[in-house]
Amino acid sequence: MVEIGYSKKVLDHFMNPRNVGTIEDADGYGKVGNPVCGDLMEMFIRVKDGIITDIKFKTFGCGSAIATSSMVTEMVKGMSIEEAMKVTRNDVADELDGLPPQKMHCSNLAADALHEAIRDYRKKRDGK
């Protein structure tokens, strides 16, 4: 693998991603993509009493896309949906000890997928 300034945390989350998979009948689902780089992310959340109790992801993309997806799931499990909605792309990059500038869009996608899943959860909850 060609290193372009990845931190040890990025490499660890890429090589050993956490929370990969899907959640059947998820309380919230988000899917985002970047047509320029071809990355595609899906996030699935389970919410109980306003807290994210489970979160899984499926990502098609580069090492940074996989690492940021994995890190987002680690960051927000156990958070309230309000707290999780405040997670930014910079928060994700900071938790990974930084990302090369040309890979910052990946952290944006991971945060966006999370926010889409939360919006979907809220829409389902409020629609009932």
Given (1) over 12 Å from Val10 (Cβ atoms); (2) buried (at least 17 other Cβ atoms within 10 Å of the Cβ); (3) at pLDDT 95 or above; (4) of a type in the set (A, V, I, L, M), number of the condition Leu109 does not satisfy: (3)
Hits in the stretch 70-89 - residues which are modelled with pLDDT of 95 or more and assigned to a helix (DSSP H, G or I): Ser70, Met71, Val72, Thr73, Glu74, Met75, Val76, Ile81, Glu82, Glu83, Ala84, Met85
Filtered residues of the stretch 79-128 (kept if in contact (Cβ under 8 Å) with a residue 60 or more places away in the chain, over 25 Å from Glu24 (Cβ atoms) and over 11 Å from the mean Cα position of the chain (by Cα)): Glu95, Leu96, Asp97, Gly98, Leu99, Pro100, Gln102, Lys103, His105
Residues located in the stretch 1-35, provided they are of a type in the set (Val, Ile, Thr) and free of Cβ contacts under 8 Å to residues at least 40 places away in the same chain: Val2, Thr22, Ile23
Residues of the stretch 43-65 that turn out to be in contact with a Lys or Arg (Cβ under 8 Å, 6 or more places away or on another chain), over 15 Å from Ala117 (Cβ atoms) and surrounded by fewer than 24 Cβ atoms within 10 Å (Cβ to Cβ), as a count: 1
Checking Ala26 against (1) part of a loop (DSSP other than H, G, I, E, B); (2) within 20 Å of Ala93 (Cα to Cα); (3) among the small types (Gly, Ala, Ser); (4) touching a Lys or Arg at 6+ places or on another chain (Cβ under 8 Å), the condition it does not meet: (2)
Condition check for Val20: among the aliphatic types (A, V, I, L, M) and surrounded by fewer than 16 Cβ atoms within 10 Å (Cβ to Cβ): yes
Any pair with Cβ under 6 angstrom, 6 or more apart, that starts in the stretch 51-78 at a residue that is under 12 Å from Asp39 (Cα atoms) and ends at one that is part of a strand (DSSP E or B) and hydroxyl-bearing (Ser, Thr, Tyr): Ala65/Thr59; Ile66/Thr59; Ser69/Thr59
Qualifying positions in the stretch 43-62 - modelled with pLDDT of 95 or more and among the small types (Gly, Ala, Ser): Gly50
Qualifying residue in the stretch 91-114 (condition: touching a His at 6+ places or on another chain (Cβ under 8 Å) and within 21 Å of Cys37 (Cα to Cα)): yes
Top-ranked residue of the stretch 1-26 - restricted to ones that are of a type in the set (S, T, N, Q) and within 21 Å of Leu96 (Cα to Cα), ranked as modelled with the lowest pLDDT: Ser7
Among residues of the stretch 27-42, those that are at pLDDT 95 or above and surrounded by fewer than 16 Cβ atoms within 10 Å (Cβ to Cβ), counted: 1
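The values are calculated or read from the model by the stated rules, or taken from the named source; none is laboratory data. All of these numbers come straight from a predicted model, not from anything done at the bench. Counting neighbours? That spans all protein chains shown, and the Cβs are built from the backbone with ideal geometry, glycine included.
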